Amino acid sequence: MRRANGFTIIEIVVTLLVSSILAIGIVQYIGDSVTGFISTGNRNKLASSGRVVVDRIAMELHNAVPNSLRVTAAQAGGDQCLEFIPFSGASSYVDAPFTGGGGTVIDAIDFNPFLALGSPAGVYAVIYPINTQALYDANNPGPLKLVDSIVDTGGADGKVTVTLDSSHRFSRRSPVNRLYVAGQPVSFCLSGGNVFRYQNYGFRSAQCTPATPTCLPTAAPDRTLISQSLDNAGLTGFSLMAATLRRNAILSMDLQFIELTDTVRLKHEVLMRNVP
């Protein structure tokens with residue numbers, strides 16, 4: 001009799017079992033690879049967003065008027081604001097009003113790079129800003145005053161004339177006769193999972209937040225969205241360490257970004273190199 005060819009039930013069951021195990025392993029491998037690829041993409045996206053925020057703030061702080069930084073208290077959800085006054089030029093004054101009823105003219109060394117502004121200049125003269133609150137109060141006498149014009153006569157004396165918009169007395173002389181020309185304050189705020197930049201809202205004695213009525217701008221171009229996906233709940237995004245006799249002020253940033261199940265947390269410190 002001829003012998004029959006085929007598979008036994010046991011062989012078929014074993015083959016199906018081994019094939020199933022291999023298929024499950026392959027599917028799991030592909031799934032893990034896809035998940036890893038998506039996770040890597042999310043982390044790269046979050047890291048890029050965070051780096052944009054950190055680099056933008058650090059870059060602008062390098063041109064901040066000394067002692068102009070102030071921060072609000074961090075809320076439970078992580079909302080917080082950082083404020084500072086940017087400057088567009090710096091030089092040394094030759095003569096400025098420090099006594100009596102003050103005056104309207106400051107003689108200064110030529111700015112480098114060149115700086116001249118017609119009336120109204122829309123900038124502020126700042127001399128020896130050692131008190132943060134005095135900067136934002138903008139009182140007379142005080143360290144800050146609105147400028148009407150900056151005129152360079154083009155002579156060989158190497159001087160410019162800074163004319164103030166009204167009579168003012170600066171409260172203190174700078175030990176090195178330093179003069180800053182500054183703009184309006186700027187704020188970076190962590191709000192509702194976003195990072196916003198605010199400008200052109202003027203000087204306020206009390207620091208503004210997005211929750212303060214009629215204080216910060218609510219639309220472009222004076223409110224700019226810098227980044228999303230922020231989740232700073234329970235964290236302090238901005239911490240300011242005041243200057244000491246041995247070092248300048250330091251701003252610490254602690255920002256956490258979340259996308260799906262991926263989290264990127266960035267910590268960065270900025271040393272304020274400008275001095276009054």
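The values are calculated or read from the model by the stated rules, or taken from the named source; none is laboratory data. Since we're looking at a predicted model, the values are computed, not measured. When we count neighbours, we look across all protein chains shown, and the Cβ atoms used for this are built from the backbone with ideal geometry, even at glycine. Side chains included, ligands, DNA and RNA excluded: accessible areas come from the protein's heavy atoms. Shrake-Rupley method; radii C 1.70, N 1.55, O 1.52, S 1.80 Å.
With the cut-off at 1.5 for a/c, could you classify the range 212-269 from its C-alpha gyration tensor as rounded, prolate or oblate? Oblate, because a/c is 1.5 or more while a/b does not exceed b/c.
Ranked highest first by average number of other Cβ atoms within 10 Å, how do 47-53, 79-85, 14-20, 182-188 line up?
On the way: 47-53: 16.9, 79-85: 23.7, 14-20: 10.4, 182-188: 21.0.
Packing proxy ranking, top to bottom: 79-85, 182-188, 47-53, 14-20.
Within the same chain, lysines fewer than 8 places from Lys267 are excluded, and of the rest, those with a Cα less than 18 Å from its Cα are Lys45.
The range 244-268 and the range 69-135 have their alpha-carbon centroids 27 Å apart. In terms of its Cα atoms, the chain spans 129, 42, 40 Å along the principal axes, sorted from long to short. Projecting the Cα atoms of Gly158, Ala76, Gly142 onto the dipole axis of the range 47-169, where Lys and Arg carry +1 and Asp and Glu carry -1 at the beta carbon, places Ala76 farthest toward the positive end.
Only protein heavy atoms count here; on that basis, with a 1.4 Å probe, Lys159 has an accessible area of about 80 Å².
A 1.4 Å probe, protein heavy atoms only, puts the accessible area of Ile9 near 130 Å². In the chain, the longest principal axis of the Cα atoms and the axis of helix 9-61 are about 0 degrees apart. Counting only heavy atoms of the protein chains and using a 1.4 Å probe, Val275 has close to 60 Å² of accessible surface. Here Lys145 is the anchor, and the lysines within straight C-alpha reach of less than 22 Å, apart from those fewer than 8 places off in the same chain, are Lys159.
To one decimal place, what orientation-averaged projected area in nm² is obtained for the convex hull of the Cα set of the range 147-276? For the range 147-276, the mean projected area of the Cα convex hull comes to 12.5 nm².
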